[in-house]
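The structure appears below as structure tokens.
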Amino acid sequence: MEYNHREIEKRWQQFWRDNNTFRVEADREKPKFYVLDMFPYPSGAGLHVGHPLGYIASDIYSRYKRQKGFNVLHPMGYDAYGLPAEQYAIQTGQHPEITTRQNIARYREQLDKIGFSFDWSREIRTCDPEYYKWTQWAFMQMFNSWYDLDASKARPISELVAHFAAEGSEGINPACSKPMKFTAEEWNSLSEKEQRRRLMNYRIAYQGETMVNWCPKLGTVLANDEVSEGLSVRGGYPVEQKMMNQWCLRVSAYAPRLLDDLEKLEWSDSLKETQRNWIGRSEGAEMLFPVVGKDFDLEIFTTRADTVFGVTFMVLAPESKYVPRLVSPEQREAVEAYLDEVKHKTERERQIEKKVSGVFTGAYARNPLTGKEIPIYVSDYVLAGYGTGAIMAVPAHDSRDYAFARHFDLPVIPLIEGADVSEESFDAKEGTMCNSCGPELDLNGLSVKDAIARTKQFITEKGIGHVKTNYRLRDAIFSRQRYWGEPFPVYYKDGEAYLMDESELPLQLPQVDSYLPTESGEPPLGRAKGWQTREGYPIELCTMPGFAGSSAYYLRYMDPRNSEALVGREADEYWRNVDLYVGGAEHATGHLIYSRFWNKFLFDLGLVCEPEPFKKLVNQGMIQGRSNFVYRIKDTNTFVSHGLRKEYDTTPIRVDVNIVNNDGLDTDAFRAWRPDYADAEFILEDGKYICGYAVEKMSKSMFNVVNPDDIVDRYGADTLRLYEMFLGPVEQSKPWDTNGIDGVNRFIRKLWNHFVRAVDAEQKEPTREELKAIHKLVKKVSGDIESFSFNTSIAAFMIALNEFSALKSTNREVMDLFTRVIAPFAPHIAEEFWQMLGHEGSVADAAWPVWNEDYLKEDSVKYPVSFNGKARYTIEVPAGASKEDVEKAALADAGAEKWLAGKTPRKIIVVPGKIVNIVV
RNA sequence: GCAGAAAUGGUGGAAUGGUAGACACGAGGGACUUAAAAUCCCUUGCCCUUAAAGGGGCGUGUGGGUUCGAGUCCCACUUUCUGUACCA
């Protein structure tokens, strides 16, 4: 019987569908296990061979857990809102929903071919109104909540309103955009409009005038994680800073908890570290510097309170609210010119130039410790969004301040003994203080650490400052001036935002005639006829960003068709949270922060029972492309093989990897590839044309895309699954190289032949060798799956098969165990074997075997004998021999005499089961 | 700059502190075949030595250290990848 992967795989995939093999329901009798993949954005290009890597790993784990007796939830869906579909719509006029639906169909087809154990009955799509109803609903909960900093949790906004009405802003500590103080009388005397306006300052989903990343080319704002090096992550267009009134989420309020709870998670250290840096906790102090001749103080934030004696000037961010208040009449013109200049620079220009720029305001502040007057500058190296938007400059110990001081010729006062500041600043936080003695405070002789503590204590006592912890994590900007996203369930009355009623959800995305902004610059939703108003009041025209739909999707899978709640209490209490999450590390500062925030918010409101969404997380590595090159001799149509190219003047040209095999070019296919190459000539080496190669991103333009469908068609899904795992550790990035796939395919075919031959053979009792080989395999594979090292399991399968072939093993008991352990890896062929062995139903329901240590015991143990750590010869002793016996045997061996060379051993180390080392 | 990860044959990669290079690819040789494909067998880190069996030396980016013993642990450095950055 020939191995026909096409027939076998098709038949079993149909079997799984027909029997709902992987449909799962909450079952209190069984322990649950939730395995989740990051759901894909269905792009027009389809899946390439890198995409399924994580899905295969998680599928193996799911199938394994299921065989271990767990009730496994393993769902899949689509992150369907996104920019590419919208941009395609702008170009073609085709509704993004149509494109998206087509792309999803294509993805599904590709996924199905690989034989995943997804429960497709739970599929979700973020652009489906039944789904985004709950995205909109969550937004409404955030709008109706505030964050209590004392209790460290979100609470209903009604509680805050009640407090304001009874006691004003005293005695309560809400997270806010800017601090406000008022009495109960003042609050109660405000109009409804005024009260609502003030409440915006406290809501978790709030509207605020904030500095945003504006991308003119995309015509929308972007979140911080959607911008990299001043360019948009999607498209790579320049991004500029702009003040705009936008919806925001008060993620910053959750910064301490997002940071602390990282401890509890089984995530990689590097990913946790990335999140820690992004959250960016820094402990320091806020301090007041009185402005000379004015009745207000400048408030600054510093982590180096010890350096106040070295402050020789101050700097404000260009956007700082202090600027207009203290600029002198003589300097007004210069300051305004500078502000104008800064405004027109994009973020990228600001970063690339890195030129020192700034302007004097004409005002002076007084150093509170020395009493000296110091000038106040404005410069764009100070950021408005961090700390207070103002700094005390210590040029001797901060490189940025140093550069500024040198440029404007300002004094530099070193404060640490032995620090040479003639060429550069001394930024290290170590050493002994000097030059730091004022009328009230003397820091000289203290270490930097002690000086910081002493200064903090002093300023607190004097009432000129206080200890403060700052976080770099900003609130998430939640508005997008785009069409293809969730509409906000918000309308405006008298300019103030009001929520629609929950019964009006989902607020459906309307049809528009074009996906571009309107003439008047409104977002595309402004074009929807008859949609923009609700009872005469205008509706919000922005849509939500991509991360809105992906922030709580894992909850929806638990209870995907519930029309009463995002997730029902019973379902939530059973499935709780994701036990294993598999996906790319590129989501570290985006999705993985937003999801954790979103989950914590729902947790605070008592809507979900776990404070963290993803218990264990594995980051699969990126699969890069492996491009092939041919070398054209200049001004000819002759191509020279890689090894001989140095002898000519050549231009490397990328060639489609699908017409290259083991770096050997199929020259006929090459001639047929492009009309230009139809009459190409080749200079061969050893009768072959060898291509060069390079590792690059896998993309169409590099001609290095390998399609999983082609692999499945040619070798079968089982071979693809095994090969993707065999490539190396799941976490590691590596280039895709189809070259090695023959080895894995050979294994599958040999395995098939072995089974077909063996299954009809006469039955005998399993031999000791057979039992040993199979139990060794079971033990090895069990351990490997638990530790996610699938590549070594594949090797173990190959070794085991070789052993069984050598033993001419035909025992069904042994084959039965083999089938069970290979089932998660190569499910189709395993199902076929399962059937051959006479079982009913699916091998996915077969129990995972337990190995028996008794079979793994050896009669005798081999010990390498080393002299001074260098292995010299091997002895064999009976199993269970004592250390003394092993020692004796080692010295009795003929080799001992030679290597001792007459000397007596100084020491003999026997490590049971491992090694004997004789020290001479 | 900062943070994290990594560095092992021609290649992908194995090695709870205990005989480095499992397994696979590629390459070389052989068998079968009219031939090719497929399949099977042998060799394959480097160097020296031997007629052969065999024997010996060197080897996990560099330099130190701990240890009877280090790819593995510690310190310093080099390089590569990833993330992040005027965050005061």
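Return one number: the angle in degrees, 0 to 90 and rounded to the nearest 10, between the long axis of the Cα atoms of helix A:717-726 and the longest principal axis of the Cα atoms of chain A.
For helix A:717-726, the angle is close to 70 degrees.
Picking from A:MET725, A:TYR3, A:VAL311, whose Cα lies most toward the positive end of the charge dipole for chain A (charges on Cβ: Lys, Arg +1; Asp, Glu -1)?
Most positive-ward Cα: A:TYR3.
Considering only Cα-Cα distances, which of the following residue pairs are longer than 18 Å: A:LYS264/A:LYS600; A:LYS32/A:LYS113; A:LYS113/A:LYS750; A:LYS68/A:LYS779; A:LYS217/A:LYS345?
Check vs 18 Å cut-off fails for A:LYS32/A:LYS113; A:LYS113/A:LYS750.
With only alpha-carbon atoms counted, please give the Rg and Dmax of segment A:221-369, in Å.
19.4, 60
Work from the charge dipole of chain A (Cβ charges, +1 for Lys and Arg, -1 for Asp and Glu, about the Cα centre) and give the residue of A:PHE790, A:ILE279, A:TYR557 farthest towards its positive end.
My answer, from the dipole projection, is A:PHE790.
To the nearest whole percent, what portion of all C-alpha pairs in segment A:194-285 is separated by more than 17 angstrom?
Value for segment A:194-285: 64 percent of Cα pairs lie more than 17 Å apart.
Projected onto the charge dipole of chain A (+1 at Lys/Arg Cβ, -1 at Asp/Glu Cβ, origin at the Cα centre), which of A:VAL843, A:VAL327, A:PHE614 gives the Cα projection farthest towards the positive end?
With unit charges placed on the Cβ atoms, the residue in question is A:VAL843.
Please report the carbon-and-sulfur percent of the accessible area for chain A; probe 1.4 Å, protein heavy atoms only, DNA, RNA and ligands left out.
Ligands and nucleic acids excluded, carbon and sulfur give 48 percent.
Just from its helices, what would the mean residue ellipticity at 222 nm be for chain A, if runs of 4 or more DSSP H residues each count -39500 (n - 2.57) and the sum is divided by every residue, rounded to the nearest 500 deg cm²/dmol?
Counting only the DSSP helices, I get -10500 deg cm²/dmol.
Could you give me the percent of Cα pairs per 5 Å distance bin for segment A:716-846, shortest bin first, beginning at zero and ending with the bin that holds the maximum distance?
Final binned percentages: 2, 10, 21, 23, 21, 13, 6, 3, 1, 0.
Per residue, how much accessible area does chain A show when a 1.4 Å probe rolls over the protein heavy atoms, in square angstrom?
On a per-residue basis, chain A sits at 45 Å².
Quick one: which of A:885-893, A:263-271 comes out on top by average Cβ neighbours within 10 Å, and what's the full order, highest first?
A:885-893, A:263-271
Do any trypsin sites (Lys or Arg not before Pro) in segment A:493-559 lie in a DSSP loop with no more than 15 other beta carbon atoms within 10 Å, and if so, which?
Loop-located and lightly packed - A:LYS529.
Skipping prolines and chain starts, which residues have an amide H placed within reach, meaning under 5 Å, of the one on A:THR220, given they are 5 or more residues away or on another chain?
A:CYS215
Quick one: Debye curve from the C-alpha atoms of segment A:693-733, no solvent, what's log10 I(q)/I(0) at q = 0.24, 0.30, 0.31 Å⁻¹?
With no solvent term, the Cα-only Debye profile gives -0.97, -0.99, -0.99.
Where does the Debye-calculated log10 I(q)/I(0) of segment A:827-920 sit at q = 0.11, 0.13, 0.14 Å⁻¹, using only Cα point scatterers of equal weight, no solvent?
Values returned for q = 0.11, 0.13, 0.14 Å⁻¹ are -0.50, -0.55, -0.58.
When Lys and Arg each count +1 and Asp and Glu each count -1, what net charge do the other residues less than 12 Å away from A:ILE774, Cβ to Cβ, add up to?
Combined, the nearby Lys, Arg, Asp and Glu give +2.
Between A:VAL161 and A:PHE15, take the C-beta separation as r, use R0 = 45 Å, and let me know the FRET efficiency to the nearest 0.05.
It comes out at approximately 0.15.
Report the antiparallel proportion of the DSSP beta bridges in chain A as a percent, rounded to a multiple of 5.
Expressed as a percentage, antiparallel bridges in chain A total about 80.
Given Cα positions, please report Rg to Rh for segment A:532-575, the hydrodynamic radius being the Kirkwood one.
Taking Rg over the Kirkwood Rh, I get 1.20.
Provide the net charge surrounding A:ASN628, with neighbours chosen by a C-beta distance below 14 Å and charges set as Lys +1, Arg +1, Asp -1, Glu -1.
Net of charged neighbours comes to 0.
Just to make sure I understand: if all protein chains stay in place, what is the order of A:SER422, A:SER860 by accessible area at 1.4 Å, largest first?
A:SER422, A:SER860
Based on the Cα gyration tensor of segment A:233-274, what are the three equivalent ellipsoid semi-axes, each the root of five times an eigenvalue, rounded to whole Å and given largest first?
Over the Cα atoms of segment A:233-274, the ellipsoid semi-axes are 29, 18, 7 Å.
Between A:SER328 and A:GLN508, with labels modelled 7 Å along Cα→Cβ, what's the label distance in nm to one decimal, could you check?
About 6.6 nm separates the two model spin labels.
Output the Cα-based Rg and Dmax of chain A in Å, rounding Rg to one decimal and Dmax to a whole number.
For chain A, the Cα-based Rg and Dmax read 34.4, 107 Å.
Would you mind working out the magnitude of the charge dipole of segment A:143-185 relative to its Cα centre, with +1 at each Lys and Arg C-beta and -1 at each Asp and Glu C-beta, to the nearest 20 Debye?
For this selection, approximately 200 debye.
Just how far, in whole angstrom, is segment A:652-719 from segment A:797-828 if you go by their alpha carbon centroids?
Centre-to-centre distance over Cα atoms comes out at 36 Å.
With viscosity set to 1.002 mPa s at 20 °C, what whole-number translational diffusion coefficient in µm²/s follows for segment A:1-115 from Stokes-Einstein and a Kirkwood radius over Cα pairs?
130
How would you order A:911-917, A:386-392 from highest to lowest mean count of nearby Cβ atoms within 10 Å?
A:386-392, A:911-917
Keeping all protein chains in place and using 1.4 angstrom, which order do A:ILE683, A:ILE748 fall into by accessible surface area, from largest down?
A:ILE683, A:ILE748
Tell me the GluC sites (Glu not before Pro) within segment A:208-249 that lie in a loop according to DSSP and have at most 11 other beta-carbon atoms within 10 Å.
When the GluC sites (Glu not before Pro) of segment A:208-249 are filtered for loop state and at most 11 Cβ neighbours within 10 Å, A:GLU229 remain.
Any chance you could give the angle, 0 to 90 degrees and rounded to 10, that helix A:768-786 forms with the longest Cα principal axis of chain A?
Orientation of helix A:768-786: about 10 degrees from the principal axis.
Please report the equivalent ellipsoid semi-axes of segment A:573-698, computed as sqrt(5 x eigenvalue) of the Cα gyration tensor, largest first, in whole Å.
Square roots of five times the eigenvalues give 54, 13, 12 Å.
Once the other residues with Cβ under 9 Å from the Cβ of A:MET142 are scored (Lys, Arg +1; Asp, Glu -1), what is the net sum?
+2
Taking the Cα centre of each part, how many Å lie between segment A:844-859 and segment A:297-340?
So the separation of the two Cα centres works out to 73 Å.
What are the semi-axes of the equivalent ellipsoid of segment A:99-249, taken as the square roots of 5 times the eigenvalues of the Cα gyration tensor, listed largest first and rounded to whole Å?
Ellipsoid semi-axes (Å, largest first): 40, 23, 13.
Could I have the simple spin-label model distance between A:SER191 and A:ASP340, label points 7 Å from Cα toward Cβ, reported in nm to one decimal?
For A:SER191 paired with A:ASP340, the spin-label model returns 3.6 nm.
Would you mind checking the tilt of helix A:5-18 against the longest principal axis of the Cα atoms of chain A, expressed as 0 to 90 degrees and rounded to 10?
60
About the Cα centre, and with charges only on the beta carbon of Lys, Arg (+1) and Asp, Glu (-1), how big is the dipole of segment A:107-259? Nearest 20 debye, please.
Rounded to the nearest 20 debye, it is 200 debye.
Over all directions, how big on average is the projection of the convex hull of the alpha-carbon atoms in segment A:495-565, in square nanometres?
Average projection, Cα convex hull of segment A:495-565: 6.5 nm².
Work out the length of the dipole vector of chain A about its Cα centre, built from +1 on the beta-carbon of each Lys and Arg and -1 on the beta-carbon of each Asp and Glu, and round it to the nearest 20 debye.
Around 1280 debye, computed over chain A.
The values are calculated or read from the model by the stated rules, or taken from the named source; none is laboratory data. A quick note: this is a predicted structure, and the numbers were derived from the prediction, not measured. Cβ sites come from the backbone with ideal geometry, for glycine too, and all protein chains shown count toward neighbours. Surface accessibility is based on the protein's heavy atoms, side chains included, excluding ligands, DNA and RNA. Shrake-Rupley method; radii C 1.70, N 1.55, O 1.52, S 1.80 Å.
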